[in-house]
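To start, the structure itself, in structure tokens.
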Amino acid sequence: MPCNVVVLLSGSGSNLQALIDSNSASDSPARIRAVISNRADAYGLERAKAAGIETAVLSHTGFDGREAFDAALMALIDGFQPDLVVLAGFMRILSGDFVRHYQGRLLNIHPSLLPRYKGLHTHQRALEAGDVEHGCSVHFVTEELDGGPLVVQAVVPVATDDTAQTLAQRVHLQEHQIYPLAVRWFAEGRLRLGGQGALLDGQPLAASGHLIRS
Ligand code: GRF
């Protein structure tokens, strides 16, 4: 039985594309069952359709509050019977009910070396802080925003002439490496969330997750 994956996004979907590309092998353990967006104009939906993946749009604008939207979103997601839900640029803060419902089967990617720079404008903030290293992180989602146990991080050296844009581009390339890796580990049954944090092959991962340096 393949691992059923539902991907949530709001925008371009380059991480979705990386997942699609890494899943194209016939023996891939993961199967992207559906892509759901809260925005009808998200380009990620086109990428999904081009790959023959079912899509759905659930706009948050028609709902009376976060809880109501999240309840409808959960019902939509669960219709696809996911083993794993992947947040790939889904620009919504999720309610506690939502996060608890998918505990241990909800992954996110964030463009910083967490726990540094939770939230937005991570590349600019890393530059302003004078960091010599920046990067990206895949983590299990918990109720703390961008705060769940880390699975894998990729470190990207900061160049003296970097702008937020040039840095973002290099971080993005690393995102496209580490998200498929984490999803594959999960789909193979190697990665799971234990009581104390993320486990790979039954062993606790370091607090930073598995670290990749380019
Ligand atoms: C990525 O930078 C990811 O880290 C963040 O949202 C962005 C999504 O990019 N969570 P894309 O839509 O996958 O290109």
Study note, to complete from the structure: Rounded to two decimals, the Debye log10 I(q)/I(0) of region 1-101 (Cα scatterers, no solvent) at q = 0.12, 0.15, 0.20, 0.23 Å⁻¹ is -0.36, -0.56, -0.98, -1.26
Point to revise | Cut-off under 5 Å, modelled amide H: who pairs with ALA30 long-range | key: CYS3
Revision key, fill the gap. In deg cm²/dmol, rounded to the nearest 500, the helical mean residue ellipticity at 222 nm of the chain, built from -39500 (n - 2.57) for every DSSP H run of length 4 or more, is -9500 deg cm²/dmol
Practice item. Determine the distance separating the Cα centre of region 154-204 from the Cα centre of region 1-77; give it in Å without decimals. Key: 20 Å
Point to revise | Computed FRET value (nearest 0.05) for GLN177 with ALA206, which takes r as the C-beta separation and R₀ as 22 Å | key: 0.75
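Assign one of three labels to the chain, namely rounded, prolate or oblate, based on the Cα gyration tensor with a ≥ b ≥ c the square roots of its eigenvalues; rounded applies when a/c is under 1.5, prolate when it is not and a/b is larger than b/c, and oblate otherwise.
On the way: a/c = 1.42, a/b = 1.27, b/c = 1.11.
Rounded shape, in that the Cα axes give a/c under 1.5.
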**Study point:** Dipole of the chain, positive end: most advanced residue of ALA164, MET91, GLN196 [Cβ charges, Cα centre]
**Key:** GLN196
Study note, to complete from the structure: Burial-style ranking of 160-173, 142-155, average other-beta-carbon count within 10 Å with highest first, yields 142-155, 160-173
Study note, to complete from the structure: Extension length gain for MET91 and HIS121 (0.36 nm per residue less Cα distance), in nm, is 9.5 nm
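With the Cα gyration tensor of region 107-213 giving a ≥ b ≥ c as the square roots of its eigenvalues, does the rule (a/c under 1.5 for rounded; else a/b larger than b/c for prolate; else oblate) give rounded, prolate or oblate?
Details: a/c = 2.35, a/b = 1.84, b/c = 1.28.
Note, shape of region 107-213 comes out prolate.
Set the Förster radius R0 to 22 Å, insert the Cβ-Cβ distance between ALA56 and ALA164 as r into 1/(1 + (r/R0)^6), and round the FRET efficiency to 0.05.
Numbers: r = 33 Å, r/R0 = 1.48.
My answer for the efficiency is 0.10.
Just so you know, all these numbers are worked out from the coordinates, no wet-lab data involved. A quick note: this is a predicted structure, and the numbers were derived from the prediction, not measured. Every residue, glycine among them, receives a Cβ derived from its backbone with ideal geometry; neighbour counts consider all protein chains shown.
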